[in-house]
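Visitor: After the structure tokens below, expect a handful of questions from me.
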Amino acid sequence: MSTYKQHLTLLQTQAEQALARCGFDALLIASGVEKFAFLDDRPYLFAPNPHFKHWLPLVNHPDSWLLIRPGHKPRVVYYQPDDFWHVPPADPSGEWLEHVELVLIARSEDAAAHLQVPGRLAIIGEADAGLPGIVPNNPPELLNILHYQRAYKTEYELEQMRAASRRAVPAHLAARRAFQAGASELDIHRAYLAGSGHTDRDLPYTNIVGLNEHGAVLHYQYQDAQAPAESRSLLIDAGASVNGYASDITRTWGAGDASFQALLDAMESAQLALVDEVRAGVDYRSIHLSTHAKVAAILRELGVVKLSVEEQLAQRVTSTFFPHGIGHLIGLQVHDVGGFMADDSGANSPKPEGHPYLRLTRPLAAGMVVTIEPGLYFIPTLLNKLKATPAASAVDWSLVAHLSKFGGVRIEDDVVCRAEGAPENMTRDAFAALS
């Protein structure tokens, strides 16, 4: 049995069980519709409903639908207009075809006739995807079950995510070469696209390409076309997509400065140790707290902060230098859903006190894929706040001023939790395959 068939069989079983629990007879999933800028005819990039691409490797198919009923094959209503203004979706092809009932439509409104089935319907989609008599209701109790289950990846899903890592890694290496050649952020981004075989519309998220001080902006959103006079460091956070599944990889590179290289080396060691903490049964929150302890040790070891690890944690000094969470679930979405769920009822699993930006608070289990992305940054607004605290006297501000010219460090891998033993590091495996 192929991994896709196994994946589809599991989704069908889970959907039938969820429908029964929630009192529904069928599930309708809209792929979504193309959206346009206000008062314009220019469309935004189409982003499919994640629930739709969970079942089907179809990511550029607006106005399509999926009908799930107990005891029936999934029905795929496939929108393929006769359009001479744009390239329409190709003829349906792929392994998924043999496992579904296919209905082709040329007009989006024609989908309704193939979705009218008796009983109580759960309809997942945005409001603008609705059709006459078919209005998305997004029942919370059903979504809670589906979102909770999404955290556990099937072998088919893991195959797509490994492929997404393999697609991203050559692009990261191309970006590093461009940085070493003195390229601008824009040209580094272009080198990344060429290395991945993607266009901007294919990326799972907008690339973060930060030279020098821009590495201290966590979600730096621009790409300067002009190269700086001196390229001291590059922080690039960029992924790739395969069949709707994402990779999310960050690397930081220096240009030879000894102090910054010492920081890079220390963060590399810490990141690998944190990856090794990804084990079944481990509370992900504990990995986040472990990161703060490791950041404190690095700050002390490098002489940035002359306080003990315990003193730094008590005074929350590390939150100045590591203000985000250690990572998140990843899969159909880069920041995948279900990260705060204590169970499939939707009950909340709280974040640790004082750590508002952590995106995952669940215990780890086999099949979960998470990012491990420790960072250490020199962010002016946070450093200014630190200067106003008693801990300021323990900071080597001259060293901080020097390291601030490099922005910061983030190293991020995509990691699979296994039932037993060490985790699978999809990112490092992809890099190793090219070494």
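The values are calculated or read from the model by the stated rules, or taken from the named source; none is laboratory data. Model, not experiment: these values are computed from the prediction. Cβ: placed from backbone, ideal geometry, glycine included. Neighbour counts: every protein chain shown. Note: areas computed on protein heavy atoms with side chains; ligands, DNA, RNA excluded. Shrake-Rupley method; radii C 1.70, N 1.55, O 1.52, S 1.80 Å.
Visitor: Want the number for Val217 to Glu353: 0.36 nm per residue separation, take away the alpha-carbon distance, what's left?
Guide: Gain on extension, Val217 to Glu353, equals 46.6 nm.
Visitor: Follow-up question, since we're still on this one. Mean projection of the alpha-carbon convex hull of segment 117-219 over all orientations, in nm²? Can you show the working numbers first?
Guide: Working: hull surface 41.6 nm².
With the hull built on Cα positions only, its mean projection is 10.4 nm².
Visitor: Moving on. Which angle between 0 and 90 degrees, to the nearest 10, do you get for helix 258-275 versus the longest principal axis of the chain when only C-alpha atoms count?
Guide: So the helix axis and the longest Cα principal axis differ by about 40 degrees.
Visitor: Here is a follow-up. With charges set only on the Cβ (+1 for Lys and Arg, -1 for Asp and Glu), what does the dipole of the chain come to about its Cα centre, in debye to the nearest 20?
Guide: On the way: 36 positive and 50 negative charges, 156 e Å.
That gives the chain a dipole magnitude of about 740 debye.
Visitor: Can you compute log10 of I(q)/I(0) for segment 59-152 with the Debye formula, treating each Cα as one identical point scatterer, at q = 0.15, 0.20 Å⁻¹?
Guide: -0.69, -1.16
Visitor: Something else now. Note down, for the chain, the three equivalent ellipsoid semi-axes (square root of 5 times each alpha carbon gyration tensor eigenvalue), biggest first, whole angstrom. Each step should come with its number before you reach the end.
Guide: Values: eigenvalues 357, 127, 73 Å².
Calculated on Cα positions only, the semi-axes equal 42, 25, 19 Å.
Visitor: Net charge near His292, counting Lys/Arg +1 and Asp/Glu -1 over other residues with Cβ under 12 Å of its Cβ? Please list the in-between numbers first.
Guide: Working: positive: Arg285, Lys294, Arg316; negative: Glu310.
Surrounding charge for His292 is +2.
Visitor: When a/c reaches 1.5 or more, the comparison of a/b and b/c decides; with that in mind, is segment 234-331 rounded, prolate or oblate per its Cα gyration tensor? Walk me through the numbers before you get to the answer.
Guide: Working: a/c = 2.35, a/b = 1.31, b/c = 1.79.
In terms of gyration-tensor shape, oblate.
Visitor: Could you check how much of the accessible area of the chain is carbon and sulfur, as a whole percent, using a 1.4 Å probe? Show your work: numbers first, answer last.
Guide: Working: 10040 of 18780 Å².
Roughly 53 percent, rounded to a whole number.
Visitor: With a 1.4 Å probe and every protein chain left in place, work out the accessible area per residue of the chain in Å², rounded to a whole number. Could the numbers behind the result be given before it?
Guide: Numbers: 18780 Å² over 435 residues.
Heavy-atom SASA per residue in the chain reads 43 Å².
Visitor: Describe numerically, in nm with one decimal, the distance between label points set 7 Å from Cα along Cα→Cβ at Asp276 and at Ala106.
Guide: It is 6.3 nm.
Visitor: Whenever you get a sec, line up Lys53, Lys5, Lys294 from highest to lowest accessible area (probe 1.4 Å, protein heavy atoms). Can you show the working numbers first?
Guide: On the way: Lys53 25, Lys5 80, Lys294 60 Å².
Putting Lys53, Lys5, Lys294 in descending order of accessible area: Lys5, Lys294, Lys53.
Visitor: Using only the Cα atoms, what convex hull volume per residue in Å³ does segment 43-103 have? Write down the numbers at each step before the final one.
Guide: Working: hull volume 5.4 nm³, N = 61.
Looking at segment 43-103, the number lands at 89 Å³ per residue.
Visitor: Right, something else. Give me the distance between the Cα centres of segment 323-338 and segment 21-98, rounded to whole Å.
Guide: Each part's Cα centre sits 24 Å from the other's.
Visitor: Under the 0.36 nm per residue contour assumption, what length would be gained going from the current alpha-carbon distance of Thr3 and Trp397 to full extension? Numbers along the way, then the final one.
Guide: Details: separation 394, 0.36 × 394 = 141.84 nm, distance 5.49 nm.
Full extension of this stretch gives 136.3 nm more.
Visitor: Further question on the same structure: What residues qualify as long-range amide H neighbours of Ala280, i.e. H under 5 Å apart, gap of 5 or more or another chain, H built at 1.01 Å from N?
Guide: Arg418
Visitor: Among 309-319, 39-49, how do they line up from the highest to the lowest mean number of other beta-carbon atoms within 10 Å? Show your work: numbers first, answer last.
Guide: On the way: 309-319: 17.8, 39-49: 11.5.
Ranking the peptides 309-319, 39-49 by packing returns 309-319, 39-49.
Visitor: For Glu98, Glu155, Glu268, give the ranking by accessible area with the largest first, probe 1.4 Å. Present the calculation step by step, with values, prior to reporting the outcome.
Guide: Details: Glu98 125, Glu155 85, Glu268 60 Å².
My answer, sorted largest first, is Glu98, Glu155, Glu268.
Visitor: Also, I was wondering about something else. Across bins of 10 angstrom width beginning at 0, how are the C-alpha pair distances of segment 297-435 distributed, in whole percent?
Guide: All Cα pairs considered, the percentages come to 10, 33, 29, 23, 5, 0.
Visitor: Take the alpha carbon atoms of segment 356-433, find their center, do the same for segment 232-264, and report the distance between the two centers in whole angstrom.
Guide: 12
Visitor: Could you tell me which residue out of Ala47, Ser241, Trp253 lies farthest along the dipole of the chain toward its positive end? Charges go on the beta carbon: Lys and Arg +1, Asp and Glu -1, centred on the Cα centre.
Guide: Trp253
Visitor: Here is a follow-up. If packing is taken as the average count of other Cβ atoms within 10 Å, what order do 59-71, 244-256 fall into, highest mean first?
Guide: Details: 59-71: 20.1, 244-256: 22.0.
The most tightly packed comes first, giving 244-256, 59-71.
Visitor: Quick one: work out the % antiparallel among DSSP beta bridges in the chain, nearest 5.
Guide: Here the share of antiparallel DSSP bridges comes out near 80 percent.
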